Amino acid sequence: MKSDIPANEVLLSICIPTFNREKKLEKVLEAISLDAAPFGKEVEVCVSDNCSADQTEKMVGEWSGRMPLKYHRQKSNLGYDLNLLSAIGMASGRFAWLMSDDDGLVQGAVGRVLADIRECEGKKAGAIYVPVDNPQDRRPSVKQGFGSFRIFSKNDKGYSPLIITFIGTICLKRETAEKVIKSRIKITGSQLEKTSKNRYVLDDFLHSYLFLECAEEEGFFGIDPRPGVLFVSDHARVSYDKVVYYQLLHMLYSLELLEFYPWFNDAAGEIYLKPYLILKTAAQAAHKPSLEAACQASIDIYAEIMDKKGRRIGAAAARLFDFARKLPLAGSLLSSVLVALSRSRGSKLAYECHDGKVQEKIGFLVSRYGKYRRDAA
C-alpha cells in the first residue's frame, strides 16, 4: 500500500532532557547518529539542557552539523518534569521517543521504531512501547508472545506485562501528547500538577503518566516486542534511605496504577511486591528509626494492593507481620535479619550514610500516601 506520508517529513523526534551529563550524553548522540544516518531528515534529536554547569552546550554544538539536532538551554534548573516537557515541546515529528541522557541504544532500533510509526499510519495509537534490555540484570527481559509490532486496544489483555517506568520505553504520538499536556497538566511557575484523576498521580513518573494518558486518549497503543534501549547502571553504593525511597516510590506507583489505570497490564510494580522486600524494609527501619514512617507506609500500601488484587492471604500476612514487628525484642531480631540479608544478597549498601535530600523525598511520599487515603475515604 502506498504511504501518504510526505517525503522528508520528520517522523521521529528523539527527545532527551539532560543535566550535567556531558560525557554520557555524547555517547547517546553518537549512537543515535550512527543508527539514524540512513534515514536523513526523517529523524531529529531534541535536547533540552536543564542549565548544566559542564560543557554540554559546547559538546552538543559540535554535533549539530552531523545530524538534525535541536538544542535549548534553560536559564535555570527547572527540575526533571518541566525539562522533559520542554524537550517534547521542541519536537516536530509524528512521534516523540523519550530517552534518558545515559541510555544505550540497541543497534537498528531507530529503523524499527520508524517502521512502527508507519504501521500506525491511519490508525489510532496514542503511544508506542519500546522495551528496555538490562544486560546487567540477571532477571530476563519481559517477553511478548508475538514477534513483530502490534497495536492493542487499552482493554485488550493479550500482551505480557510492560515496564514503563524507564523513560526510554516511551514513544508518544506528538499531537496527542500536546493535547494531554495542554488539557491535563497545570504549570504554575516551577510547579506541575495533573488536573485529571489526582494532582500527584504518578509523581516522579511523568513519562509513564504521558504514555497512559495518550493511550487512554486514543484508546489504543502499540507494542514493539524487540528491545530498543539498554539500561545502563553505574552500580553506585546507595544508602538505606535511597533503597527504602525506591521501594516506597514503586509501591505507590503500583497502587496508583490499580486505582487510576486498571486496564494497564503492569510489570514494574510486581517487581517490588515481594514479601522479602517488606521484611528488608522493616529490618532497615529497625536499624535506622528515621525510616519508620516509610516502613509503615510500605506495609500499608502492600496490604492495600493485595486487597485490590484479591490476594486476601497476602494482605492478612502483611498486617500480621506489622503487628509482630512491634513486639518487644522484634527490633533486635530484625536488625540481625538485615545483616544476614545484606550479606547473602551481596548488598552494596552504605549502612550509616545519611541522605538528607532522599529523607525529604521519603517524607513527601509518606505525606502523599496519607492524602491519597484521605481522598479515598
Subject >> Residues 32, 185, sorted so that the one with the fewest Cβ neighbours within 10 Å comes first >> reply: 185, 32
Original post:
Which percent, nearest 5, of DSSP beta bridges in the chain are antiparallel?
Top reply: 40 percent
Subject >> Cα shape, the stretch 252-310, gyration tensor, a/c 1.5 rule >> reply: prolate
Subject >> Once the Cα gyration tensor of the stretch 12-230 is diagonalised, semi-axes √(5λ) in Å >> reply: 25, 22, 16
Subject >> Angle in degrees between helix 206-218 and the longest Cα principal axis of the chain, rounded to the nearest 10 >> reply: 60 degrees
**OP:** Counting only DSSP beta bridges with both residues in the stretch 12-230, tell me the antiparallel percent, nearest 5.
**Re:** 45 percent
Original post:
So what is the calculated 222 nm ellipticity per residue for the chain, using -39500 (n - 2.57) for each DSSP H run with n of 4 or more, over all residues, to the nearest 500 deg cm²/dmol?
Top reply: -14500 deg cm²/dmol
**OP:** Using only the alpha carbons of the chain, determine the length spanned along each of the three principal axes and report them from longest to shortest in whole angstroms.
**Re:** 73, 46, 42
Subject >> Projected label distance in nm at residue 53 and residue 80, using a 7 Å step from Cα toward the beta-carbon >> reply: 2.0 nm
Subject >> Label-to-label distance, nm, for residues given as residue 265 and residue 143 (7 Å Cα→Cβ offset) >> reply: 1.5 nm
Original post:
What order do you get for 75, 124 when you list them from fewest to most C-beta neighbours inside 10 Å?
Top reply: 75, 124
Subject >> Listed residues 211, 95, 260, most fluctuating in the chain (Gaussian network, C-alpha, under 10 Å) >> reply: 260
**OP:** Among 321, 19, 39, rank each residue by its count of other Cβ atoms within 10 Å, from fewest to most, as a rough exposure measure.
**Re:** 39, 321, 19
**OP:** Determine the gain in length on full extension of the stretch residue 41-residue 24; use 0.36 nm per residue of separation and subtract their C-alpha separation, reporting nm with one decimal.
**Re:** 3.7 nm
**OP:** Return the sequence-ordered ³J(HN,Hα) values of the stretch 241-247 in whole Hz as given by the Karplus equation 6.51 cos²θ - 1.76 cosθ + 1.60 applied to θ = phi - 60°, using x for Gly and Pro.
**Re:** 3, 5, 4, 5, 4, 5, 4
**OP:** Give the calculated FRET efficiency between residue 124 and residue 319 to the nearest 0.05, with a Förster radius of 51 Å applied to their Cβ-Cβ distance.
**Re:** 0.70
Original post:
Gain in length, residue 330 to residue 190, computed as 0.36 nm per residue apart minus the alpha-carbon separation, to one decimal in nm?
Top reply: 46.0 nm
**OP:** Quick one: which residues, 5+ away or cross-chain, put their amide H under 5 Å from the amide H of residue 128? H built at 1.01 Å from N.
**Re:** 171, 172, 173, 222
Original post:
Points 7 angstrom from Cα along the Cβ direction at residue 232 and residue 156: gap in nanometres?
Top reply: 3.5 nm
Original post:
So which residue, out of 126, 228, 61, gets the largest mean-square fluctuation from a GNM of the chain using Cα contacts under 10 Å as springs?
Top reply: 61
Original post:
Can you list the residues, at least 5 places off or on another chain, whose amide H is less than 5 Å from the amide H of residue 47, using H built in the peptide plane?
Top reply: 16, 70, 71, 72
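No lab work stands behind these numbers, since they all come straight from the coordinates. Quantities reported herein were computed from a predicted structural model and do not represent experimental measurements. Ideal geometry is used to build each Cβ from the backbone, glycine not excepted, and the neighbour counts take in all protein chains shown.
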